[in-house]
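*Asks:* Got a structure here, written out as structure tokens. Questions coming.
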Amino acid sequence: MMKQKSITAEEFDKILDEGKESILPYLDMASARRGNQAPKRINLDIQPWMITSVDREAARIGIARQALIKMWIADKLKEIEKAA
């Protein structure tokens with residue numbers, strides 16, 4: 001896993017405003033939480049080829065496997081909520 005980068009709040013705002021760079025390297029997705037909701041542990045059986053693909057994408061963007069999976073699930077759930 002790539003080390004999380006440190007920047008000031010002003011630098012973070014500038015990156016968001018310009019929209020030219022991903023903010024993911026500056027976020028700790030492994031510890032991200034939705035307010036007042038404690039995380040629950042689950043077990044998930046996944047085919048080896050899927051794990052390889054997930055690991056490759058996680059390495060490409062510099063985050064942990066678990067953070068990537070949580071991010072994808074959150075994105076999909078938001079998409080479903082918008083469509084409902």
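Throughout, read-outs are computed from the coordinates displayed, never taken from laboratory work. These figures come from a predicted structure and were not determined experimentally. Every residue, glycine among them, receives a Cβ derived from its backbone with ideal geometry; neighbour counts consider all protein chains shown.
*Asks:* Quick one: compute the contact order of the chain, relative version, from alpha carbon pairs under 8 angstrom and 6+ residues apart, as a percent.
*Replies:* 34
*Asks:* What angle, in degrees between 0 and 90 and rounded to the nearest 10, separates the Cα long axis of helix 9-18 from the longest principal axis of the Cα atoms of the chain?
*Replies:* 80
*Asks:* What order do you get for 70, 20, 76 when you list them from fewest to most C-beta neighbours inside 10 Å?
*Replies:* Placing the least packed residue first, the sequence is 20, 76, 70.
*Asks:* How far is helix 48-61 tilted, in degrees, relative to the longest principal axis of the Cα atoms in the chain, given as a value from 0 to 90 rounded to the nearest 10?
*Replies:* 0
*Asks:* P(r) for the chain: what percent of alpha-carbon pairs falls in each 5 Å bin, starting at zero?
*Replies:* Percent of pairs per bin, in order: 3, 11, 17, 20, 22, 16, 7, 3, 0.
*Asks:* Report, to the nearest 10°, how far helix 65-83 tilts away from the longest principal axis of the Cα atoms in the chain, using its own Cα long axis and a range of 0 to 90°.
*Replies:* 90
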